[in-house]
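Asker: Quick one: the structure is below, and I'll ask about it shortly.
Laboratory data are not the source of any read-out in this text; all were calculated from the coordinates shown. Computed from a predicted model, the values in this text were never measured in an experiment. Here Cβ is always computed from backbone atoms with ideal geometry, including for glycine, and neighbour counts include all displayed protein chains.
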Amino acid sequence: METTLLELVKSRQSDRAYDTTRPVEQEKIDYLLNVVRLAPSACNAQPWKFIVVTDPAIKKQTAAAIADKTLGMNHFAFQAPVHIVVVEEDANFTSKAGGLIKRKHFPDTDLGIAASYITLAAAEQGLGTCIVGWFDEKKLRKALSIPDSKRPYLVITLGYSTQSARDKKRKDLEEIASFNRYK
C-alpha cells in the first residue's frame, strides 16, 4: 500500500540526529534533485541552484558555517552525511517585473517551495532532513566558492535519521483557516 501525501507530511519532521555510518545512496540524491527540478516557481523563473555537499572535508567546512558555537545551535550539521545548499539565482524578467509591481520578492517563495519538495521527497525515500536558515553566509560562500552575486538561502541537512518520531504541535485548523473572509 502506498503512503498518502498526508501520511508523509504527518511523519516528516526536522531531524537533528543522523546515522554517521550510513551514507546516502547517490540514487536517492538524484531522485531528490529530479523532484525539486519539477517544483513550481513564479513565472517559471526557477531561481535556484542546489549544491550537494558529500565530500567529507567540504562538508566539515559547511557544517562549521552552519553551527553556531556562541548560541550552541545546529551542531547536528556535523553528523549529517549530506548538505544541500539552496542558492538563490537571478529570477527571469517576468518574475522580477511582477515582483516590482506587487512589491514581493518571488524567489523567497520559490525557494521555500523547492525546500519543501526536497524534504518531502527525502521523507518518501526514508531519509531525514532539517531546513536550516541560521548560518554564516561568508563562511558558506568561501567553503563552496559561491560568488558574491549569489546568495546561499537555506541549507538542508540530509541523512538517515536516528531521532525518535515526535508528536507535531500545530495550531487547530480553525486558528489557521477561514472560508470566504478573514476571521
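Asker: Do you know which residues across the stretch 6-29 are in a helix (DSSP H, G or I) and touching a residue at least 12 places away in the same chain (Cβ under 8 Å)? Give the steps one after another, and end with the answer.
Answerer: Restricting attention to the stretch 6-29, the residues satisfying the condition of being in a helix (DSSP H, G or I) are 6-11, 26-29.
Hits for the stretch 6-29 are L8, V9, K10, S11, K28, I29.
Asker: With the requirement that a residue be of a type in the set (K, R) and within 13 Å of the chain's Cα centre (by Cα), what does the stretch 78-126 give you?
Answerer: Keep residues of the stretch 78-126 that are of a type in the set (K, R), which gives 96, 102-104.
Residues satisfying the conditions do not exist here.
Asker: Continuing with this model, one more query. Considering each of A123, A77 in turn, give the residue that is of a type outside the set (S, T, N, Q) and more than 17 Å from V36 (Cβ to Cβ).
Answerer: Values: A123 fails: more than 17 Å from V36 (Cβ to Cβ).
Of A123, A77, the one residue that is of a type outside the set (S, T, N, Q) and more than 17 Å from V36 (Cβ to Cβ) is A77.
Asker: Among the residues of the stretch 53-98 satisfying the criterion of being more than 14 Å from L140 (Cα to Cα) and among the β-branched types (V, I, T), which is surrounded by the fewest Cβ atoms within 10 Å (Cβ to Cβ)?
Answerer: T70
Asker: Something else now. So which residues in the stretch 103-120 are surrounded by fewer than 20 Cβ atoms within 10 Å (Cβ to Cβ) and not aromatic (F, W, Y), if there are any at all?
Answerer: Of everything in the stretch 103-120, those that are surrounded by fewer than 20 Cβ atoms within 10 Å (Cβ to Cβ) and not aromatic (F, W, Y) turn out to be R103, K104, H105, D108, T109, G112, I113, S116, L120.
Asker: Check Q46 against each of (1) under 28 Å from K168 (Cβ atoms); (2) assigned to a loop (DSSP other than H, G, I, E, B) and name the one condition it does not meet.
Answerer: Only one criterion in (1) under 28 Å from K168 (Cβ atoms); (2) assigned to a loop (DSSP other than H, G, I, E, B) is unmet by Q46, namely (1).
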